[in-house]
Structure formats: structure tokens, C-alpha cells
Amino acid sequence: MKVCKLHSLALAAGLLVSASAMAAGELNLYNWSDYIPQDLLKRFEKESGIKVNLDVFDSNESLLAKLKAGAKGYDVVVPSDYMVKIMIEEGLLEKIDASKMANFKLVEAPLNKPDFDPKREYSAPYMWGVTGFTYDASRVPGGKLDNSWKSFFTPPAALKGKVVALNDVAELYKAAAIYLKVDQCTEDPKQAKRIQDLLEAQKPMLAMYNSDGTIERMQAQEVIMHQQWNGAAYRTRQKLKSAVFVYPKEGIPFWNDNLVIPKGAKNRDNALKFINWMMEPKNIAEASNFTGYNNAIKGSTAFFKADLKADPAINPTAAMRALFVPSKTCSAKANALRDRVWTKLKK
Ligand code: N2P
């Protein structure tokens, strides 16, 4: 009898939990691949009663294409700086007034007032980082390559077929522009042609263009060099000690990613709750510990893993910061030139 009573109590409690989870509803998150730990999402689900569904993309351009094609199912998506601005201008985002959220006071300058959304009306910060390249020092001639984009764009012959570029027009074009000292938003067809020529000449050296699985590909030593985000490079080094992440002397693209709500999101309140929750130092630190990128939340480093805190790629020195090249939002004319380079390259 007693057992039976316990059993029915447990059953009732179970029903209560699922009823409250149901009442709190769901959150459809569309994020970069491998960019948030499952455990963190589980904890959010437990604390909020909101069920999270995660779907992933591999570049800002695929995210934009998806939203423009009318994808309605997402409540929170994660564009980078320049893409936030494009999405605002295209009317794709809900106003969220992030600056009025309880945890917003913890956002450090300058990301509390970024130029792509100065009042933080539409976006809240997620991770920030840089895009350089990683090579396996144990497998390059002489064990060392120059700290230059030259090493990536015109690699030693021995690396033929063992180099990977990100499948990302913005990242690859920006890196080439920095190397050639061309404005990343050039409207001059002659300059765009120089970028084109560099990328076409690099292509036979490449195994592929791919932004997913960069860590695993390097760790398995399938390839020797990979254009890579610094967090992925940090994670690559956990298993492959000979991996070296290069801050090219010509400059390195700097980006910051953001949480935004697409227009017409069905679970707006849950999305707002999630965005504020992610600005808690402990929560965002857990994301940093997993992804290997820094974030803009005051007090979060106290929760960083020791090796992450000590890693200069995460806490760059002044000399490293001097190399940062922030993204610009280019004109339609510049983007058309850039996209033509990309379409030809990928033919
Ligand atoms: C992680 C994605 C990094 C985001 N896979 C680069 N903006």
C-alpha cells in the first residue's frame, strides 16, 4: 500500500514537472556548429523549465540566407557584428532592448555600445575572437612557418592537398584583403581581382573549403594547416600539442558574435529569458570553457578553466590586440564584387 502511495506521489510529481515544462514551453536556438555545450543547455532547461531545441549553421551567410528564405522556426540566432547590422537593415530582427535587461550592466566596453547596434536595441553579446590559421609544427618543413598570411595563401609545396580554408566568403576574403593590404570593403574591381588571383592560386593547394570539424581534422592529422577561429585552435591544441595558432603580422580579423531574436519568433519571452541568462558570468563562462573563446561579461573569467585564463589567444597581449582588424559592414557594391570572386572560386 505504502509503495503504491509513494509510486503515485512520484508519478504526480513527474506529471507536475512535465506540466510546468510544458507551460514554460520551448526555445528554438539556431547557433554556429559546436558553439555551445549541451550541459549548459540542459542546465538552462532545468532552471527554467524551457525545452531547448538546437539547430546549427556554419557561416553568417548561410544564416542570412535561411532567414531571408522565410525560416520561421527560430527564437534566437547568433550572427556576427557586421551581420547584425545587415539583419537590422533588412528588417529581420525583433527589438529586444538588451541594454535594459537585468544582466546587461555586466557587459564590458566596448561591446556594451558596438557600432553595429550602439544602443543594443537588437542584440546581446555572445563570444568574441579572431580568425587566423593553425599549422602542425611537427609536419611542416623546418618545424616553423612565418607569422604571415603568406604561409597560408602560398604554403610550402610539401603541404599540397593538406591545407583547408574556411568555407566562408567573409572570412577568406577578409584574410586575403589584409594580406594584400586591400580595403576589405573595396569597390575597385582591380583590387577585387587581386584577391581573386590570390585565392585562385591557393586553391590547388587546398584539400577543401570547410568550416565544420576543423578541430577533429587537425587532431587526426588529416591535414597540416587550417584556417581557424582561435577557440577551435585552443581546442585543437588540447590533443595536438604541436599545433601552432598564427597571429599574422599583417593583421587578423576580429569578430564578435551576438544573440538576437528573428522577427516573428514564436517564443519571444523564452528567448528574452535565455539571452539575459546567458549574460550571467557563470553561464557565459561555461560557454567559454567549452568553446575556447573569450566573452564580454564582467566577472566571467573567475569561472574560467585555469589553462583558458592563461592562454594568450584568449587574453591577448597589447601587441596581439594591435593586430586586430574589426569587420566592416560593406556597401552592396563591395559585397557584389566579393560574391563574384567567391562564385568563380567555388565553380
Ligand atoms: C564555432 C564558430 C565560431 C564563430 N564553430 C565564429 N564567428
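The values are calculated or read from the model by the stated rules, or taken from the named source; none is laboratory data. Fair warning: this is a prediction, and the values are worked out from it, not measured in the lab. With ideal geometry, Cβ positions are generated from the backbone for all residues, glycine too; neighbour counts draw on all protein chains shown. Please note that ligands, DNA and RNA were not included when accessible areas were found on the heavy atoms of the full protein model with its side chains. Shrake-Rupley method; radii C 1.70, N 1.55, O 1.52, S 1.80 Å.
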What accessible area per residue comes out for the chain, rounded to a whole number of Å², with a 1.4 Å probe? 45 Å²
How much net charge surrounds E216 when only the other residues with a Cβ under 14 Å from the Cβ of E216 are counted, with Lys and Arg +1 and Asp and Glu -1? 0
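What number comes out for the charge environment of N28, summing +1 per Lys or Arg and -1 per Asp or Glu over other residues with Cβ under 15 Å away?
Taking every Cβ under 15 Å from that of N28, the sum is +1.
On a 28 Å Cα-Cα criterion, which of the cross-link pairs K85/K181; K239/K328; K144/K203 come out too long?
Beyond 28 Å between Cα atoms: K239/K328.
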Kindly provide the pair-distance distribution of region 196-329 built from C-alpha pairs, with 10 Å bins from 0 and whole-percent values in order of increasing distance. 10, 31, 35, 18, 6
About the Cα centre of region 49-100, what is the dipole size in debye to 20, counting +1 per Lys and Arg Cβ and -1 per Asp and Glu Cβ, all else neutral? 180 debye
As I understand it, the dipole of the chain uses +1 on the Cβ of Lys and Arg and -1 on the Cβ of Asp and Glu, about the Cα centre. Which of Q196, G143, L93 lies farthest toward its positive end? G143
Looking at region 112-243, what % of its DSSP beta bridges pair antiparallel, to the nearest 5? 55 percent
Checking understanding here: applying a Kyte-Doolittle mean of at least -1.0 and a length along the axis of at least 30 Å (C-alpha), which whole DSSP H helices in the chain pass? 2-24
Cα Rg, Dmax (largest Cα-Cα span) when computed across the chain, Å: 21.9, 86
Please get the size of the charge dipole for the chain, origin at its Cα centre, with Cβ charges of +1 on Lys and Arg and -1 on Asp and Glu, quoted in debye to the nearest 20. 280 debye
Given the options I314, A285, M208, identify the residue whose Cα lies farthest towards the positive end of the charge dipole of the chain (+1 on Cβ of Lys, Arg; -1 on Cβ of Asp, Glu). M208
Of the heavy-atom accessible surface of region 228-347 (probe 1.4 angstrom), what whole percent is carbon and sulfur? 58 percent
